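Below is one structure, written out as structure tokens; comments come after it.
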Amino acid sequence: MSFQVFGIAVSRGVAIGRAVLVASSRVDVAHYFVSADQVEAEFARLLRARDEVVAELEALKLDLPEDAPHELAALLDVHLMLLHDEAFTGGARHWIDQRHFNAEWALSAQLEVLARQFDEMEDDYLRERKADLEQVVERVLGALAREQGSAQPAIAARDFGGEDPLLLVAADIAPADMIQFKRSVFQGFITDIGGKTSHTAIVARSLDIPAVVGTREGSRLIMQDDWVIIDGDAGTVIVNPSPIVLEEYRFRQRQSELERARLARLRHTPAVTLDGQVIELQANIELPADAHAAVEAGATGVGLFRSEFLFMNREGELPSEEEQFQAYRAAVEAMRGMPVTIRTVDVGADKPLDRMSISDLRHEHVLNPAMGLRAIRWSLAEPSMFRQQLRAIYRASAFGKVRLLIPMVAHLGEVRQIHETMRRVQQQLSDAGHAYTRVELGVMIEIPAAALMLPLLLKYVDFISIGTNDLIQYTLAIDRADESVAHLYDPWHPAVLQLLGQSIAHAREAGKAVSVCGEMAGDPAFTELLLGMGLRSFSMHPSQISSVKQRVLRADSVRLAACLPAILESEDPEATAEREFCALRGAQGKSLH
Ligand code: PEP
Ligand code: MG
């Protein structure tokens, strides 16, 4: 049966493929693909685990005391019967054979299928047997875990040999898992939770694959292997589409590929407005390897290197100074003399490190992590870790232009401590004979307090970078990762526009460089607004550069600036901007003829 699921569009384009469900709500297991020649061995592994549980249960049954309640023996019989049922192992075999799932994943996929069948049963007694099934699966998963030290990553999907494109469906995906998809086979993804600027969504956008988040029930309604269309522009998911709908979307998919190819031709065109303003279009990256995509896309530097991704998926170990230095140096060298802005670690809120890390231990009982010990607060609370990161960043400065960016600053005291740490780190490096050059210091403006006290902050920094994702979150008191309030997360809110416009103006007045590195910078819907506010430096995912550049090439910054007062005074700034900019485009179109 065909049906639709609605969510929030986070990454554009159309993807068509088969659903791959991971991380079922019932059991949390590792998901990875096995290669074709491992299929038999993987099934044998499953059978061994099943047989081990059978032996365990039979032994239990034999050991039952004489006076044990009759129900106990009956229960063990039910469990044994389930273990021998063809629907159990035969079903799991299907996922291993056809989809190359690992044994644990195959088992949890089959549990989903059978659990749904149990849910639909009329008979109360039979329906309640679902709990038995879950217990049996847990026992087999336990046996599998004992058999193999399960050091597999949570989701790794590189060597899948199937032919159908695969789309990932999950209740939620942590940014740490999402980052692994950079090398994966998934061509789109759908999650139940998340907002437009949640970090999971941000990473998805950096992968440049269609994605819809916040579907609430998607992972419950969509079944393993269903054919699915992701409409990443509208934020809808069509499950089991009819042939006509499928054809329509295949057509749209081809159109959007053509459009991308057309935009890609702008790659090496300088971003200059009609009135001659040169605009910096820089890249946001998560890992050093992304720098190559940045250069390919025509970025004029890295405006935001989210260094926290180097700290993820490490089973609690933080990267050493040497390891960080090598990573920063790799990014700097890949950018061939263009600036690289490295942001110090920004963990916390919806970006926890992995389960066993120090940060998680600290955050375990934090009531409101978005307002807790995160970003620079965490760095200042871990001074030796902070110095280690700064040393690595300074050392990379010997290989190209490096800028240091600090997240979540709200107090002058924090900036003073940062200066103090920078001095100490320079001294340490000089003493150790390490080369480094001057590194400019910038702070992110993402807390309203920082925006409001900007003239004071500007005296102590070389540049600022406005993080609109958090600035909107904290100005409007909207959790950016919470889909239930996503409709209130509004970049066009007059308060947000005031803070944004004032911050850009203050920085320019003080003669300090200012850029925007939040998601607004990469969304062409805001390019004219930001140019009108006086912004000349934008930082975004490499895949967004061409579309923003196209807007820049058609813009006249003087005329855009003239539209600004009407927008800022309007009760409905979005509508006013649309009207003003449309009129401008029309007038420019005419004057070109
Ligand atoms: C922001 O808050 O706008 C930003 C760029 O930082 P992050 O999205 O990593 O919080
Ligand atoms: Mg931020």
Per-region count, the range 235-273, residues of a type in the set (A, V, I, L, M) and touching a helix residue (DSSP H, G or I) at 6+ places or on another chain (Cβ under 9 Å): 8
Listing of helices (runs of 4 or more DSSP H) fully contained in the range 362-436 that carry 3 or more residues being within 27 Å of Thr475 (Cα to Cα) and either away from ligand 2 (no atom under 16 Å from the Cβ) or touching a Ser or Thr at 6+ places or on another chain (Cβ under 6 Å) (or both): 375-381, 412-432
Gly442 free of Cβ contacts under 8 Å to residues at least 12 places away in the same chain and either of a type in the set (A, V, I, L, M) or not in a helix (DSSP H, G or I) (or both): no
Count of residues meeting criterion [buried (at least 24 other Cβ atoms within 10 Å of the Cβ) and more than 15 Å from Gly467 (Cβ to Cβ)] in the range 532-543: 3
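Kindly establish whether Phe309 is part of a helix (DSSP H, G or I) and under 19 Å from the mean Cα position of the chain (by Cα).
yes
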Residue in the range 16-36 that is in a helix (DSSP H, G or I) and either modelled with pLDDT of 90 or more or exposed (fewer than 14 other Cβ atoms within 10 Å of the Cβ) (or both) present: yes
Residues satisfying the stated conditions in the range 503-519, i.e. of a type outside the set (Asp, Glu) and either under 20 Å from Glu580 (Cβ atoms) or crowded, with 17+ Cβ neighbours inside 10 Å (or both): Ser503, Ile504, Ala505, His506, Ala507, Lys512, Ala513, Val514, Ser515, Val516, Cys517, Gly518
Some residue of the range 261-268 being over 14 Å from Ala15 (Cβ atoms), at pLDDT below 95, assigned to a loop (DSSP other than H, G, I, E, B) and within 16 Å of ligand 1 (Cβ to nearest atom): no
Unique match (being among the aliphatic types (A, V, I, L, M), under 21 Å from the mean Cα position of the chain (by Cα) and part of a strand (DSSP E or B)) among Ala327, Ala293, Ala283: Ala283
Answer from Val443, Val439 - the residue that is over 30 Å from Gly214 (Cα atoms) and within 13 Å of ligand 1 (Cβ to nearest atom): Val443
Number of the condition not met by Gly522 [criteria: (1) in contact with a Ser or Thr (Cβ under 7 Å, 6 or more places away or on another chain); (2) crowded, with 20+ Cβ neighbours inside 10 Å]: (1)
Any pair with Cβ under 9 angstrom, 6 or more apart, that starts in the range 399-415 at a residue that is farther than 17 Å from Pro448 by Cα and modelled with pLDDT of 95 or more and ends at one that is among the basic types (Lys, Arg) and away from ligand 1 (no atom under 16 Å from the Cβ): Phe399/Arg329; Gly400/Arg329; Gly400/Arg336
In the range 221-249, the residues that are of a type in the set (A, V, I, L, M), out of contact with any Ser or Thr (no Cβ under 9 Å at 6 or more places or on another chain) and part of a strand (DSSP E or B): Val228
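Inside the range 465-561, counting only helices (runs of 4 or more DSSP H) that do not spill past its ends, which hold 1 or more residues that are within 16 Å of ligand 1 (Cβ to nearest atom), free of Cβ contacts under 8 Å to residues at least 40 places away in the same chain and in contact with a Pro (Cβ under 8 Å, 6 or more places away or on another chain)? Steps first, answer last, please.
Values: elements: 468-476, 494-509, 527-532, 545-553.
Correct list: 468-476.
The values are calculated or read from the model by the stated rules, or taken from the named source; none is laboratory data. The shown structure was predicted, so the numbers you read here are calculated from the model rather than taken from an experiment. For neighbour counting, all protein chains shown are included, and Cβ atoms are generated from backbone atoms with ideal geometry for every residue, glycine included.
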